[in-house]
Amino acid sequence: MCPVVPETERTRPTGAELIACHECDLLQYSIALPDDTVAKCPRCEGVLYRHRRNSTDRTLALAIAGLLLFVVANSYPFLAFRMQGKMVQTTLASGVLDLHDQGMTALAILVLVTSILAPFAELVGLLWVLAPLRMRRRAWGAISVFRFLRRIQVWSMMEVFMLGVLVSLVKLADMAEIVPGLALWSFALLIVVLAAASASMDARDIWRRLETPR
Ligand SMILES: [Zn+2]
């Protein structure tokens, strides 16, 4: 933990930004942090910001890995059911269509948005913003894309879908032989990779680099 400088006590240090604590609204000046440290509010001890080492490179690498996993998760069979000698395979997209065909259109849209569209938009958005920053450039519309990215992250709920799949598998285990497909493993790995990308992302640093690419 690193102390920050309360705004009321002294004049603005060179290069410092005036920030407000998200918890108690105390105004204070930011300071440069050493790698992998956290700045906390001197009044309420709420976390103000963190500085992660190589955060942009790490997040970019995870986004590339995530996009590859996403392609596999949406191209190969998710699950296969063998019942009375017949084998039925499903993919993520066919699962959404099946829900729609069975009259559960609202649920189909929810699954489509939270398990396919939002993660895809998150991955593409990360690549769009971070890859040019790596080359000290700002992509066209990068600021709007990054703001949009921060908003849609809450709609990416692949783990909820995965939990639903696991519950169904346990219930169906006695009725049919279930064969997990390559897409299921990719999907599970993608959940971990997206969580890691989110944890390694330093939004404050990205905003600063978007303002003045360097
Ligand atoms: Zn505070």
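The values are calculated or read from the model by the stated rules, or taken from the named source; none is laboratory data. This one's a predicted model, so the numbers in the text were calculated from it and none came from an experiment. Ideal geometry is used to build each Cβ from the backbone, glycine not excepted, and the neighbour counts take in all protein chains shown. Ligands, DNA and RNA are stripped out before the accessible areas are found, and what is left, the full protein with its side chains, is counted by its heavy atoms. Shrake-Rupley method; radii C 1.70, N 1.55, O 1.52, S 1.80 Å.
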### Summary
The long-range amide H neighbours of F78, using H built 1.01 Å from N in the peptide plane and a cut-off of under 5 Å, are T90, T91, L92
### Task
Please work out whether region 87-166 counts as rounded, prolate or oblate from its C-alpha gyration tensor, where a ≥ b ≥ c are the square roots of the eigenvalues and a/c under 1.5 means rounded, while otherwise a/b larger than b/c means prolate and anything else oblate?
prolate
### Task
Hey, can you find the accessible area per residue of region 13-70 for me, probe 1.4 Å, expressed in square angstrom?
56
### Task
Compute, for V47, the solvent-accessible surface of its heavy atoms (probe 1.4 Å) with the complete set of protein chains present, and express it in square angstrom to the nearest 10.
60
#### Entry: Debye, to nearest 20: dipole size of the chain, +1 on Lys, Arg Cβ, -1 on Asp, Glu Cβ
740
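If I compute solvent accessible area with a 1.4 Å probe over the protein chains, what percent of it on the chain is carbon and sulfur?
Accessible surface attributable to carbon and sulfur in the chain totals 61 percent.
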### Message
Which order do you get for F70, F161 if you rank them by accessible area with a 1.4 Å probe, largest at the top?
### Response
F161, F70
#### Entry: Solvent accessible area, Å² - K40, 1.4 Å probe, full protein context
60
### Query
What are the principal axis extents of the Cα atoms in region 154-214, in Å, biggest first?
59, 21, 13
### Summary
Taking Cα atoms only, helix 182-200 is inclined relative to the longest principal axis of the chain by an angle, in degrees rounded to 10, of 10
### Query
How much FRET efficiency would the formula 1/(1 + (r/R0)^6) give for D205 and L169, where r is the Cβ-Cβ distance and R0 is 41 Å, rounded to 0.05?
0.50
### Task
For F148, F78, give the ranking by accessible area with the largest first, probe 1.4 Å.
F148, F78
### Summary
Counting sequence-distant residues (5 or more places) and residues on other chains, those with an amide H built under 5 Å from that of R52 are D36
### Query
Alpha carbon centre of region 69-90 versus region 142-214: separation in Å?
20
### Query
Remind me, relative contact order of the chain in percent, using alpha carbon pairs under 8 angstrom and six or more residues apart?
25
### Query
For the chain, how big is Rg over Rh, using alpha carbon atoms and the Kirkwood form of Rh?
1.11
